[in-house]
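Asks: Please find one structure pasted underneath; my questions will follow.
The values are calculated or read from the model by the stated rules, or taken from the named source; none is laboratory data. These numbers come from a predicted model, not from an experiment. Cβ placement follows ideal geometry from the backbone for every residue including glycine, while neighbour counts extend to all protein chains displayed. Note: accessible area is taken over every heavy atom of the protein model, side chains too, but ligands, DNA and RNA are not part of it. Shrake-Rupley method; radii C 1.70, N 1.55, O 1.52, S 1.80 Å.
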Amino acid sequence: MRIRTLMAVAALLGIPLLGGAGMSAAAGDPPGVNIDNFSFAPGALVVSPGTRVTWTNRDDIPHTVTDAAGKMAFRSAALDTGDMFSHVFDTPGTYHYFCSLHPRMQGTVVVR
């Protein structure tokens, strides 16, 4: 039920979700998030357990990808333009993350 709610809200806001109803990465393309103009795109991503997600900084200033949970399951170093960071999401759940240099930048990965 939570996934349906997330998908409905994402559709209403125009946020693309990979792995959602009718939406997936092209064959062979791993799911990815672009960092550009002080935002993560897509802002919400739905993936299967065991999926490697890669963030690519396309902005002209450094950014990070930091797990918002206290346990810090994943955290990148500062990513300069063109730098990438990957993390494999093995456990189902909802993972919120942000840029530690610009905390207003936030995103979500849902593993189902």
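Asks: Between ASP36, ASP59, which is open to solvent by less than 40 Å² (accessible area, probe 1.4 Å), farther than 11 Å from MET84 by Cβ and among the acidic types (Asp, Glu)? It would help to see each step written out before you state the result.
Replies: Details: ASP36 fails: open to solvent by less than 40 Å² (accessible area, probe 1.4 Å).
It is ASP59.
Asks: What number of residues within the stretch 70-84 are open to solvent by less than 40 Å² (accessible area, probe 1.4 Å) and in contact (Cβ under 8 Å) with a residue 24 or more places away in the chain? Can you show your working first?
Replies: Taking the stretch 70-84 as the starting set, the residues that turn out to be open to solvent by less than 40 Å² (accessible area, probe 1.4 Å) are 74, 76, 79.
Then drop every residue that is not in contact (Cβ under 8 Å) with a residue 24 or more places away in the chain, which leaves 79.
The total comes to 1.
Asks: I would also like to ask the following. Is it true that GLY43 is under 13 Å from VAL109 (Cα atoms), of a type outside the set (A, V, I, L, M, F, W, C) and in contact with an Asp or Glu (Cβ under 9 Å, 6 or more places away or on another chain)?
Replies: no
Asks: Another question, then. Filter the stretch 86-95 for residues that are more than 22 Å from ASN57 (Cβ to Cβ) and surrounded by fewer than 14 Cβ atoms within 10 Å (Cβ to Cβ) and give the result. Steps first, please.
Replies: Narrowing the stretch 86-95 to residues more than 22 Å from ASN57 (Cβ to Cβ): 90-94.
Of everything in the stretch 86-95, those that are more than 22 Å from ASN57 (Cβ to Cβ) and surrounded by fewer than 14 Cβ atoms within 10 Å (Cβ to Cβ) turn out to be ASP90, THR91, PRO92, GLY93.
Asks: Then there is this: PRO30 versus (1) open to solvent by less than 60 Å² (accessible area, probe 1.4 Å); (2) within 17 Å of GLY107 (Cβ to Cβ); (3) not in a strand (DSSP E or B): which is the lone unmet condition?
Replies: Result: PRO30 fails condition (1) only.
Asks: ALA44 passes all but one of (1) in contact with a helix residue (DSSP H, G or I) (Cβ under 6 Å, 6 or more places away or on another chain); (2) of a type in the set (A, V, I, L, M); (3) surrounded by fewer than 18 Cβ atoms within 10 Å (Cβ to Cβ); which number fails?
Replies: Condition (3) is where ALA44 drops out.
Asks: Sticking with this one: Does the stretch 96-109 include one or more residues that are surrounded by 13 or more Cβ atoms within 10 Å (Cβ to Cβ) and at pLDDT below 95?
Replies: Looking through the stretch 96-109, none of the residues is surrounded by 13 or more Cβ atoms within 10 Å (Cβ to Cβ) and at pLDDT below 95.
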